[in-house]
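Peer 1: Following this message is one structure expressed as structure tokens.
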Amino acid sequence: MTSNKIIDSSKLTMEEINKQIITLKKELLILKIKKSTKQTVKPHLLKIKKNKIAQMLTIKTLYMNKK
């Protein structure tokens with residue numbers, strides 16, 4: 001994720017940020033389940049999802065500290 005996308009993400013409202021975090025966590029859970037049941041999973045997707053979750057949580061923290 002480039003810095004431009006992070007800046008675009010920071011323009012979201014708190015509700016949108018929370019929704020994105022929830023959907024990313026669901027996607028990560030699905031990938032983990034597929035991995036544990038020996039289905040084909042691209043391992044780099046796990047890393048990408050974790051990084052996106054971390055970025056969204058950082059944006060959420062920054063948003064909360066502004067108020």
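The values are calculated or read from the model by the stated rules, or taken from the named source; none is laboratory data. Bear in mind that the values here come from a model prediction, so they are computed numbers and not experimental data. Quick reminder, even Gly has a Cβ in these numbers, built from the backbone with ideal geometry, and neighbours come from all protein chains shown.
Peer 1: Considering only residues that are at pLDDT 95 or above, farther than 14 Å from L57 by Cα and not charged (D, E, K, R), which ones fall in region 1-38?
Peer 2: Across region 1-38, the qualifying residues are L28, L29, I30, L31, I33, S36, T37.
Peer 1: Inside region 11-52, can you point out the residues that are assigned to a loop (DSSP other than H, G, I, E, B) and either within 24 Å of N65 (Cα to Cα) or in contact with a Gly (Cβ under 6 Å, 6 or more places away or on another chain) (or both)? Can you show your working first?
Peer 2: Kept after step one, since they are assigned to a loop (DSSP other than H, G, I, E, B), are these residues of region 11-52: 11-13, 37-42.
Of everything in region 11-52, those that are assigned to a loop (DSSP other than H, G, I, E, B) and either within 24 Å of N65 (Cα to Cα) or in contact with a Gly (Cβ under 6 Å, 6 or more places away or on another chain) (or both) turn out to be K11, L12, T13.
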